[in-house]
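> Take a look at this one; I'll ask things after.
All of the numbers you see were taken from the coordinates with simple rules; none came from a lab. Because the structure is predicted, anything quoted here is derived from the model rather than measured. Cβ placement follows ideal geometry from the backbone for every residue including glycine, while neighbour counts extend to all protein chains displayed.
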Amino acid sequence: MKKKLGLIVNPIAGMGGSVGLKGTDGEDILEKAKNLGAIPIAPNRTNEVLEEISFFKESFNLFTYPNEMGEDEAKACSFDPIVLGSIDKGKTTSANTKDAAKEMLKLKVDLVLFVGGDGTARDIYESVGDRLPTLGIPSGVKMHSGVFTKTAKIAGKLIMMLLRGEVTTRLAEVMDIDEEAFRQNRLSAKLYGYLKIPYEMQMVQSVKSGSVPTEKEAMEEISWYIIDNMKDDYIYIIGPGTTTKTIMKKLGLENTLLGVDVIHKRKLIALDVNEAKLLELIQGRKAKIVVTVIGGQGFIFGRGNQQISPKVIQKIGKENIIVIATENKISSLRGKPLSVDTGDIKIDEMLRGYIRVITGYTKAIIYKVV
Amino acid sequence: MREAIELKEYHAHAWNEPIIMEMGHKGERGFIIPKLEGEIEKATDDATHYIPKKILRKKMPKLPELSQPHVLRHYLRLSQQTLGMALNIDIGMGTCTMKYSPIINEELIKLPQLTDIHPYQDEITVQGILEIMYEFATIIKEISGMDEFTFQPGGGAHGIYTNASIIRKYHEVNRELGKRNEIITTLFSHPADAACPATAGFKIITLYPDPETGLPDIEALKSAVSNRTAGLMITNPEDTGIFNHMIDEFVAVIHEAGGLCSYDQANSNALFGIARAKEAGFDVCHFNIHKAFSSPHGCMGPACGVVGVKRELAEFLPIPVIIFDGSKYHLDYDRPNSIGKVRQFLGNVETIVRAYAWVLGMGAEGLMKVSETSVINTNYLIKKMLTIPGVIMAYPKQKIRLDQVRFSLEKLKEDTGVGTDDVSRRIVDFGVQEYFTSHHPWVVPEPFLPEPCETYSKNDIDYWVAVIRHICKEAYENPVLVKTAPHNQSISKINEKHLNDPKKWAMTWRAYIRKTRGKMKNNRNS
């Protein structure tokens, strides 16, 4: 049976960036971008990927949305797409992206390929969650999510391998910043959820090696290390992320993937807490913070875990921060240091330097934080 | 202007040879054991009576039944399908030091004085081999500055494990082992510098390289050391060919914290007569005799990872240690604090005999020339390689490399979709051994790691570069050709999707039968 590939193009993604607008969310901004002479980026990115996969186009049916949301590009690349839904040509909105994703979910396509930025990833996430494999082709301004491939060539290869059943999938962060705040030079990024993306080990290892543990095994190893070394006189603040929440799962505890949970003596004491609650909980008690690297930019504080605020960090102390991450996650940073951006310059300064990152039951790495 | 080099036409033997278990016919024999003559038969007992019942087979093993010529033909065919080191320009296997090993030294290890002795002979009857080993130890002491050596470890990683065991014993004797349980290493040290101490029970702390220099930062090291530090196990030059010029300061930081320092000298080919473990302050070190000292290797042996220690650690060496009393050589077992044996007897002595002959042939100046030539070769290779579109060098600010160099085909992959695994598969179509990408994980994307030792000529290097240049050109012009390689080899590209699938692996014939049940014919004709 022929495979089904879904294609959703956000035609305006990235237009703001070319004219210095830091994003293109909202009609006013789009209008402003157009007036400033912004040109669409998404069509070219889409064409590049479609060209990469055209040599095996007989093996799948391409489902897409009308006109500039994929149909135009597909036809330009000699595909014969099955066009779904309807749009108001030239005036697409995020609602169109969400609708398109919903239809792809109904059709149970094998992969939703979307072209856009963090905003587009959020729309896809809202409609699809982690129920289908998805893959982002970057054309946006903001790229905090971990769901995008680096190049069209790599995307082409991943798509081919996924349709042939040759790759597994992993969960990757959907993150977005508040564009309004960003335009005023304030950064405030939030972790919205996780998309299921194809995962090719070959990016970090030869296909012949076969000895590197899978992401799941690595997370379990790290989690058991944390659990086995838990001290009864400390409460543990478990930050968001799939790696940190593996600890909760291993303990059989309810948890908040996107939020901060607190445990003591391996039992849950608070779920999905905010800064105020955290401050209350650590009042007069010893505590440790367990965080992981969030998103593709290597942040450990200040992106997606703002609940663990400068005040909380200061009270708990640098020596009680435990950073955990799989080696693959660290490798994917390509040598780029970890980052902190808590909003408090003094706290950021305190966190900078070299830190120990737990990568397994009996192993850790020393990595730079800037 | 570049000289045009014409690549040789090549095709490997392709016999499509079955596995030997699939060959032969029932009743076919290579050799028929004659029956015992009557008198002897009467005087002897059934041999099975001497075998303990619990290990006696109940059923005959299912062995293939073949005649002698069929067996010979089969293995000759397999050998023809092997691209051996001596058949090609084997520059691509970085960190492996694939140098030419003088064939005349093979004559030495075939001498009856070596082949006809037994490890259980009394030491007084094997003075010759003990003398060779003692003398070679004297040489390697001079090369490294260390005080005592053992030859027992049967390979590089085994030598590193021995080092980890010595560090463990040292802390145990000092009653600090319970506390000191962390070994520090670096990402571009050999993975054995992490794996071996982990096997010995230590926790491993890895320093990541600075993205600019490719080297670990001393500040990172300082943040890693504590009263839990048992030691540092490090390779230098690292597997990027970059020499850590602050190595003595690294060693000082570890010593200050109460740890020991172990020097992995698998990459020593660039350092003979130039830098020694002793001057850098190391406490223990190992060399791969089968690499830098010209004993042939590959196919997993026979190898020898000699381990040297400073005088203060000599009590921990594996027993026995060869000693000399001024007239005779002895095996010294009287070392109560020894880590014990790490291998039977004295180790792979033939490796030492070859290395001894090689070092005597080279002389002290010759050894230094080995290193100088290997460094010149590497830097000549770099100069040539960087003219190839699509090839970049990792950490380009480090312009000088020693024994090897790590390149990246990231640009080629981005431009053409052809990655390092593809190029490595294509290179064999030109009669050149596939290359080593690098250890994992790939911190340098799409990596490869050539090591042009001193035994390769300028023409050899030029030819190897020409092959890579040709393949990179193919990648831009006809990427499918490279991605579907090899085309001129004994086997074609295999389906890689099964490589990491345990359901498809078969480590034994029995497992193969089980996993392919009903899908194969047994007893195929040869």
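> Taking neighbour Cβ counts within 10 Å as the exposure measure, how do A:D123, B:D462 sort from fewest upward?
Result, fewest neighbours first: B:D462, A:D123.
> To continue, here is another question. How are the alpha carbon pair distances in the protein assembly as shown distributed across 10 Å bins from zero to the largest one, expressed in percent?
P(r) over the protein assembly as shown, rounded to whole percents: 2, 10, 17, 21, 20, 15, 9, 4, 1, 0, 0, 0.
> What order do you get for A:334-341, B:289-296 when each peptide is scored by the mean count of other beta carbon atoms within 10 Å, highest first?
B:289-296, A:334-341
> Something else: Return the average number of partner chain Cβ atoms within 10 angstrom of each residue Cβ along peptide A:358-366. Intermediate results must be reported in sequence, preceding the final value.
Values: counts 0, 3, 3, 2, 8, 9, 6, 8, 15.
Partner Cβ neighbours, averaged per residue: 6.
> If you don't mind, another one. Semi-axes of the equivalent ellipsoid of region B:262-358: what are they in whole Å, largest first, if each equals the square root of 5 times a C-alpha gyration tensor eigenvalue?
After diagonalising the Cα gyration tensor, the semi-axes are 23, 19, 14 Å.
> Provide the FRET efficiency to the nearest 0.05 for the B:E279-A:E254 pair, computing r from the beta carbons and using R0 = 60 Å.
0.50
> Also, quick follow-up: Please work out the Cα center distance from region B:85-138 to region B:442-465, rounded to the nearest Å.
Value for the Cα centre distance between the two parts: 27 Å.
> A further question on this structure: Listed here are the pairs A:K311/A:K363; A:K363/B:K515; A:K250/B:K179; A:K329/B:K222; which of them are more than 32 Å apart at the Cα?
Details: A:K311/A:K363 30 Å; A:K363/B:K515 35 Å; A:K250/B:K179 28 Å; A:K329/B:K222 24 Å.
The answer is A:K363/B:K515.
> Could I ask something else about it? Using the Cα atoms of region A:213-369 to build a convex hull, what is its mean projected area in square nanometres?
8.1 nm²
> Okay, moving on. Rounded to the nearest 20 debye, what is the charge dipole size of region B:120-226 about its Cα centre when +1 sits on each Lys and Arg Cβ and -1 on each Asp and Glu Cβ? If you can, show how the numbers build up before the last one.
Details: 8 positive and 15 negative charges, 118 e Å.
My answer is approximately 560 debye.
> Per residue, how big is the convex hull around the C-alpha atoms of chain A? Give it to me in cubic angstrom, could you?
On the way: hull volume 51.5 nm³, N = 370.
Cα convex hull per residue, to the nearest whole number: 139 Å³.
> Going through the cross-link list B:K169/B:K328; A:K153/B:K473; A:K2/A:K196; A:K57/B:K483, which pairs have a Cα-Cα distance over 20 Å in this structure?
Pairs exceeding 20 Å: B:K169/B:K328; A:K2/A:K196.
> Now, a different point. Using a 10 Å cut-off on Cβ atoms, rank the peptides B:16-27, A:42-53 from the highest mean neighbour count down. Intermediate results must be reported in sequence, preceding the final value.
Numbers: B:16-27: 14.0, A:42-53: 21.0.
Going by the mean number of other Cβ atoms within 10 Å, highest first, we get A:42-53, B:16-27.
> Greater than 32 Å separation of Cα atoms is the criterion. Which listed pairs, A:K216/A:K265; B:K203/B:K384; B:K341/B:K504, meet it?
B:K203/B:K384; B:K341/B:K504
> What residue among A:A95, A:A13, A:A287 shows peak mean-square fluctuation when chain A is described by a Gaussian network model with Cα springs under 10 Å?
Checking each option, the largest mean-square fluctuation is seen for A:A95.
> Continuing with the same structure: Within region B:1-90, which chymotrypsin sites (Phe, Trp or Tyr not before Pro) sit in a loop by DSSP and count at most 16 neighbouring Cβ atoms inside 10 Å?
Sparse-neighbourhood loop chymotrypsin sites (Phe, Trp or Tyr not before Pro): B:Y10, B:W15, B:F31.
> By how many degrees, between 0 and 90 and to the nearest 10, does the Cα long axis of helix A:215-228 differ from the longest principal axis of chain A?
Taking Cα atoms only, the helix is inclined about 20 degrees.
> Just the ratio, please: alpha-carbon radius of gyration of region B:73-166 over 2.2 N^0.38 Å, N its number of residues.
On the way: Rg = 17.9 Å, N = 94, 2.2 N^0.38 = 12.4 Å.
That ratio works out to 1.45.
> With springs only between Cα atoms under 10 Å, which of A:L111, A:L30, A:L257 fluctuates most in a Gaussian network model of chain A?
Judging by the Gaussian network model, the answer is A:L30.
> Taking the alpha-carbon distance from A:K318 and a cut-off under 16 Å, which aspartates and glutamates remain once sequence neighbours fewer than 8 residues away in the same chain are dropped?
A:K318 reaches A:D341, A:D344, A:D348, A:E349.
> Sort B:380-387, B:66-73, A:155-162 by the packing proxy (mean of other Cβ within 10 Å over each peptide's residues), most packed first.
By packing density, highest mean first, the sequence is A:155-162, B:380-387, B:66-73.
> In addition: Please figure out what share of the DSSP beta bridges in the protein assembly as shown is antiparallel and state it in percent, rounded to the nearest 5.
Among the beta bridges of the protein assembly as shown, antiparallel pairing accounts for roughly 40 percent.
> I want to check the label-to-label distance for B:Y50 and B:N478. Put each point 7 Å from Cα in the C-beta direction and report it in nm to one decimal.
Going by the 7 Å Cα→Cβ label model, 6.5 nm.
> Taking neighbour Cβ counts within 10 Å as the exposure measure, how do B:H498, B:H118 sort from fewest upward?
Least to most surrounded, the residues fall as B:H118, B:H498.
> So, one more: Between B:E39 and B:N16, how high is the FRET efficiency from 1/(1 + (r/R0)^6) when r is the Cβ-Cβ distance and R₀ = 41 Å? Nearest 0.05.
0.20
> Separate question: Which of the trypsin sites (Lys or Arg not before Pro) found in region A:215-275 are in a DSSP loop and have at most 10 neighbouring Cβ atoms, other than their own, within 10 Å?
Values: sites: A:K216, A:K231, A:K245, A:K249, A:K250, A:K265, A:R266, A:K267; in loops: A:K231, A:K265, A:R266.
Answer by residue number: A:K231.
> Can you put B:V225, A:V174 in order of Cβ neighbours within 10 angstrom, beginning with the fewest?
Exposure proxy ranking, most exposed first: B:V225, A:V174.
> Here's something else I'd like to know. Roughly how far apart, in whole Å, are the Cα centres of region B:474-500 and region A:38-86?
Spelled out, the Cα-based centre of one part sits 29 Å from the other.
> Which number do you get for Rg(Cα) / (2.2 N^0.38 Å) in region B:372-483?
Working: Rg = 13.2 Å, N = 112, 2.2 N^0.38 = 13.2 Å.
Working it through for region B:372-483, the quotient is 1.00.
> If you put +1 on each Lys and Arg Cβ and -1 on each Asp and Glu Cβ, how big is the dipole of region B:283-334 around its Cα centre, in Debye rounded to 20?
Taking the Cα centre of region B:283-334 as origin, the dipole is about 300 debye.
> For region B:22-100, what does the convex hull of the Cα positions come to per residue, in cubic angstrom?
Spread over its residues, the Cα hull of region B:22-100 gives 242 Å³ apiece.
> Could you give the dipole magnitude of region A:213-369 about its Cα centre, charging the beta-carbon of Lys and Arg +1 and that of Asp and Glu -1, in debye to the nearest 20?
220 debye
> Using only atoms on other chains, find how many Cβ atoms lie within 10 Å of each Cβ of peptide B:435-444 and report the average.
Values: counts 0, 1, 5, 2, 3, 10, 11, 8, 7, 2.
Shielding by partners across B:435-444 averages 5.
> From the P(r) of chain B, can you give the percent of Cα pairs sitting at distances over 40 Å? Could the numbers behind the result be given before it?
Numbers: 47753 of 138075 pairs.
Every Cα pair in chain B considered, those over 40 Å come to 35 percent.
> Once you place label points 7 Å from the Cα toward the Cβ at A:K150 and A:I227, how far apart are they in nm?
Placing both labels 7 Å beyond Cα along the Cβ direction yields 3.5 nm.
> Per residue of chain B, what 222 nm ellipticity follows from adding -39500 (n - 2.57) for every DSSP H run with n ≥ 4, rounded to the nearest 500?
-10500 deg cm²/dmol
> Specify the residue with the greatest mean-square fluctuation among A:Y125, A:Y225, A:Y192, computed from a Gaussian network of chain A linking alpha-carbon atoms under 10 Å apart.
Greatest mean-square fluctuation among the candidates belongs to A:Y225.
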